[in-house]
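The values are calculated or read from the model by the stated rules, or taken from the named source; none is laboratory data. The shown structure was predicted, so the numbers you read here are calculated from the model rather than taken from an experiment. Cβ placement follows ideal geometry from the backbone for every residue including glycine, while neighbour counts extend to all protein chains displayed.
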Amino acid sequence: MAYQLRQVSLPLLPSVASDIRILHFSDLHLTPARKGEIADIKGWAKLKPDLVISTGDFLAHRDGVGVALSALDELLDIPGLYVFGSNDYYAPKFKNPLSYLKKDSGERNLGEKLPIEEFDRQLQGRGWINLNNKRSSITINGLTIDIRGTDDAHLELDEYERVAGKKSGELSIGVTHAPYRRVLDAMAQDEIELIFAGHTHGGQVRMPWFGGSRSLTTNCDLPNWRSRGLTKIDNQSYLNVSAGMGYSPFAPFRIFCPSEVSLITLKTT
């Protein structure tokens, strides 16, 4: 699988801090058959990130846990943060792809339950931090970072009130799977500097447009123009939405929307 490495620098660190390289990936949707994607993931450790952030939907198959752990093995030796998406809890089911273009009715067509508890135990066992409706802190390159996240807002599992409050470190990072505005607004209210999200697949199907392409949907209430990449509105938080690596086994295509992983380098202001 060919993928795009989206790189950007952000001046968010105090003047005496060292650069922090953050590898952000999302929506792997792994199955045992995804040999090319698995090989790509195994190569990400060569990017030498200081911190790894996953915004969920690791899985797409009942046998995906072992596949994901094997693919991520080298990255799991690096400090990491993660939340889950709906496809980590439930296997995907067939649904009409055109339904993504309609207004969200709130109904969810869920498949069989996946062994998420075992996957979670394995990730935490390797030292990664679960941020599903949780808050903590982490020190990277001598800098203390306030970290918090929510469980999947698409399944209405988000409970931001459990992690709310002003930051306690020198930098604050928010992590969520589906970038619904209620989550983004709550994090912005608490003056979080940088939020990571996935879920949108960058629209997955994009239309050619002036200077590039535009998405037709985000599968949530995020505006289409924010469906992938780093964006910011006025005095709100920076938001990095990963277009993701994979896709549902029932919609195995991307049009004008390549798979991607982000490498964000935080620098001094």
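Worth pointing out:
Residue-wise test of (1) under 16 Å from GLY244 (Cα atoms); (2) under 15 Å from the mean Cα position of the chain (by Cα); (3) part of a strand (DSSP E or B).
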{"residue": "VAL16", "(1), (2), (3)": "no, no, no"}
{"residue": "ILE22", "(1), (2), (3)": "yes, yes, yes"}
{"residue": "LEU28", "(1), (2), (3)": "yes, yes, no"}
{"residue": "GLY36", "(1), (2), (3)": "yes, no, no"}
{"residue": "HIS61", "(1), (2), (3)": "no, no, no"}
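- Residues that are within 17 Å of TYR82 (Cβ to Cβ), surrounded by fewer than 22 Cβ atoms within 10 Å (Cβ to Cβ), in contact with an Asp or Glu (Cβ under 7 Å, 6 or more places away or on another chain) and aliphatic (A, V, I, L, M), drawn from segment 132-182: ILE140, LEU157
- Residue list for segment 51-79, filter: of a type outside the set (A, V, I, L, M, F, W, C) and closer than 18 Å to ALA91 by Cα: THR55, GLY56, ASP57, HIS61, ARG62, ASP63, GLY64, GLY66
- Residue in segment 246-257 that is among the hydrophobic types (A, V, I, L, M, F, W, C) and crowded, with 22+ Cβ neighbours inside 10 Å present: yes
- Segments classed as strands (runs of 3 or more DSSP E), wholly inside segment 194-238, with at least 2 members that are loosely packed, with under 13 Cβ neighbours inside 10 Å and of a type in the set (A, V, I, L, M, F, W, C): 206-209
- Some residue of segment 58-69 being under 27 Å from HIS154 (Cα atoms), touching a Gly at 6+ places or on another chain (Cβ under 6 Å), surrounded by 18 or more Cβ atoms within 10 Å (Cβ to Cβ) and not aliphatic (A, V, I, L, M): no
- Positions within segment 183-205 being hydrophobic (A, V, I, L, M, F, W, C) and either more than 13 Å from VAL83 (Cβ to Cβ) or out of contact with any helix residue (DSSP H, G or I) (no Cβ under 6 Å at 6 or more places or on another chain) (or both), in sequence order: LEU184, ALA186, MET187, ALA188, ILE192, LEU194, PHE196, ALA197, VAL205
One line per residue, one yes/no per condition, for (1) at pLDDT 95 or above; (2) more than 25 Å from ILE192 (Cβ to Cβ):
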position: SER9; (1), (2): yes, no
position: LEU13; (1), (2): yes, no
position: ARG34; (1), (2): no, yes
position: ASP50; (1), (2): yes, no
position: LEU59; (1), (2): yes, yes
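- Only one of ALA60, ALA39, ALA45, ALA71 that is free of Cβ contacts under 8 Å to residues at least 60 places away in the same chain and touching a strand residue (DSSP E or B) at 6+ places or on another chain (Cβ under 8 Å): ALA71
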